[in-house]
Amino acid sequence: MPERPRISIKQLLSSDSAQEVCAKGWVRSVRRGKEVSFIALNDGSCFASLQLVFAPELENYEQLSRLATGACLAVVGALIESPAAGQRWELQVSEAQILGNADDSYPLQKKRHSFEFLRSIAHLRPRSNAFGAVFRMRSELSFAVHRFFMDRGFLQVQTPIITANDCEGAGEMFRVTTLDPLQPPKKNAQVDWSQDFFGERTGLTVSGQLQGELFATAFTDVYTFGPTFRAENSNTSRHAAEFWMIEPEIAFADLAADCQLGEDFLRYMVTYALENCHEDLDFFNQRIEKGLLDKLETLARAEFIRISYTEAVERLQKSGQSFQFPVEWGCDLQSEHERYLTEQIFNGPVFVTDYPKQIKAFYMRMNDDRKTVAAMDLLVPRVGELIGGSQREERLDVLQARMAECGVPVEHLDWYLDIRRWGSCPHAGFGLGFERLLMYLTGMENIRDVIPFPRTPGHARF
Ligand code: 4AD
Ligand code: MG
């Protein structure tokens, strides 16, 4: 086989002149005709496959025309204008080499498989149409996250994955330890964590926020985008034990500026997807969520509603809707309430702000009423909570009082208090779950289907 540089199928399909080329990829389907045979070859560079045409003159024609779906192939041939409908180019193969064979037991046959089944073969599902589209979009949009912040002069900070602090205080940290689980060192009948690797109890981070705040008080506008871990045992379609979070933190900013940043960011991501991922979005629009494109185009222009928690509770109470959990001022909004607000009342994204202090984390800034804090959640149809954020408490004495009230151990957070001791300033930030954003932008309904290798209770195999 003549040595020739491989050209991606995406590049080939967007060529403007016919030429001799080499392509490599995996067989999606084989059709044996009377005179010639056809193979659809896909290399993941784009949604479409390249149509290969084989004539019987090829020395391995018999083998090629009987290839099974899933085989890996290298071909050389002439890229010519396709006489058939449905594609502009096809490749008239002059030589083909089978790099990796496959047989009928290949689990990804041409028929349509359920997402549940595809999850059970998470190692092979990237080769399917739907997951090809999902993971190409995930890659494009992850790049767009960095573009957005870099274009605005934000500093990217890599916050730690192993930490001694439970930022959200919800007790959902996975433990990291090198102690022998059967015989841990003990002191006063308790595990002696001072003998552990880091000399204290540590776990996987639930959020990079606290370290983000430190960097914001040095670099003004910062963000982190990394994996976060939560050992919450909730088996829902919107929770994963390992997920990626985008967390900007901005100095000299209040809650209104924080909401504005969240709105600008979401609008940018939607516009970026519409402009750069149309082929994959067309698939989602046709096969996954009818009307997705219209929804995204409307969102790119929509005004985001802002209402206070107190107003939200009143609207829900007046709605006449019967909820499984009653709505009462002071209670956390359940996902049924969140979805009713964003889907039924406002039919679009809505920021709910100023929640009661007792249902929010210790770091949120106390409002003058002393009952609510400067918090915000962005709720969107179908996905529910997409963003959670707040203005941070920058007043040392108020923060100390709040930590005592919430039972947050001060001895672990002396460094966090130090930025309030020297050069404290108003600042704010938020966290946006990247997988929830992808669910929103693709129409996929289960978080397990927008992350390459989902971690949920009982599942960490692949
Ligand atoms: O509302 P959360 O818990 O906020 C924080 O962690 C803040 N420290 C963020 C900050 O202000 N820097 O989480 C933020 C977002 C949620 O709105 C949701 O989109 C996502 O992270 N999220 C999850 N996504 C998938 N699986 C889970 N288990 C998630 N928990 C939160
Ligand atoms: Mg939240």
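Since every read-out is calculated from the coordinates, none of them should be taken as a lab result. All figures in this text were calculated on a predicted structure; none of them were measured in a lab. Using ideal geometry, Cβ is built from the backbone for each residue, glycine included, and neighbour counts are taken over all protein chains shown.
Compute the separation of the alpha-carbon centres of segment 206-250 and segment 370-436 and state it in Å as a whole number.
Between the Cα centre of segment 206-250 and that of segment 370-436, the gap is 12 Å.
Over the alpha-carbon set of segment 48-109, divide Rg by the Kirkwood Rh and report the Rg/Rh ratio to two decimals.
0.98
If you consider only alpha-carbon coordinates, what radius of gyration and Dmax does the chain have, in Å?
Calculated on Cα positions, Rg and Dmax stand at 26.6, 85 Å.
Rounded if a/c is under 1.5, else prolate if a/b is larger than b/c, else oblate: which is segment 189-262, with a ≥ b ≥ c the root eigenvalues of its Cα gyration tensor?
On the way: a/c = 3.05, a/b = 1.46, b/c = 2.09.
Oblate, because a/c is 1.5 or more while a/b does not exceed b/c.
Using every pair of alpha-carbon atoms in segment 148-204, split the distances into 10 Å bins beginning at 0 and state the percent of pairs per bin, rounded to integers.
Using 10 Å bins, I get a P(r) of 20, 36, 23, 11, 7, 2 for segment 148-204.
Once you list every other residue whose beta carbon is under 10 Å from the beta carbon of HIS412, what net charge do they have if Lys and Arg are +1 and Asp and Glu are -1?
-3
Hey, what angle do you get for helix 255-276 against the long axis of the chain, alpha-carbon based, 0 to 90 degrees rounded to 10?
Roughly 0 degrees between the two axes.
Note down the net charge around CYS22, summing +1 for each Lys or Arg and -1 for each Asp or Glu among other residues with Cβ under 11 Å from its Cβ. If you can, show how the numbers build up before the last one.
Working: positive: ARG4, ARG6, LYS24; negative: GLU3, GLU20, GLU95.
The answer is 0.
Run the quick spin-label model on ILE359 and ALA231: label points 7 Å from Cα toward the beta carbon, then report their separation in nm to one decimal.
Label-label distance for ILE359 and ALA231, simple model: 2.7 nm.
What angle, in degrees between 0 and 90 and rounded to the nearest 10, separates the Cα long axis of helix 292-301 from the longest principal axis of the Cα atoms of the chain?
Once rounded, the angle reads 50 degrees.
In the chain, with Lys and Arg counted as +1 and Asp and Glu as -1 at Cβ, which of these residues, ILE39, THR217, VAL21, has the Cα nearest the positive end of the dipole, that is, farthest along it?
ILE39
Where the centroid of each part is defined by its Cα atoms, how far is segment 123-146 from segment 297-349 in Å?
Between the Cα centres of segment 123-146 and segment 297-349 lies a distance of 31 Å.
To the nearest 20 debye, what is the magnitude of the charge dipole of segment 296-387 about its Cα centre, counting +1 on the Cβ of each Lys and Arg and -1 on the Cβ of each Asp and Glu?
Values: 11 positive and 14 negative charges, 30 e Å.
Result for segment 296-387 is approximately 140 debye, rounded to the nearest 20.
Once you charge only the Cβ atoms, +1 for Lys and Arg and -1 for Asp and Glu, what is the size of the charge dipole of the chain about its Cα centre, to the nearest 20 debye? Walk me through the numbers on the way to the answer.
On the way: 50 positive and 63 negative charges, 220 e Å.
The calculated dipole for the chain is roughly 1060 debye.
Peptides 166-177, 95-106: what's the order by average Cβ count within 10 Å, highest mean first? Show your work: numbers first, answer last.
Details: 166-177: 16.6, 95-106: 13.2.
Averaged packing, sorted descending, gives the order 166-177, 95-106.
Could you sort 442-455, 69-82 so that the peptide with the highest average Cβ count within 10 Å comes first and the rest follow in order? Display every interim value, and only then the final one.
Numbers: 442-455: 19.9, 69-82: 17.8.
For the peptides 442-455, 69-82, the packing ranking is 442-455, 69-82.
Using alpha carbons only, what's the Rg to Rh ratio of segment 321-433 with Rh from Kirkwood? List each step's numbers first, then the result.
Values: Rg = 15.9 Å, Rh = 15.4 Å.
When Rh is taken as the Kirkwood radius, the ratio is 1.04.
Would you mind calculating the gained length between GLN190 and SER29 on full extension (0.36 nm times residue separation, minus the Cα-Cα distance), in nm to one decimal?
Details: separation 161, 0.36 × 161 = 57.96 nm, distance 6.16 nm.
Stretched fully, the GLN190-SER29 segment lengthens by 51.8 nm.
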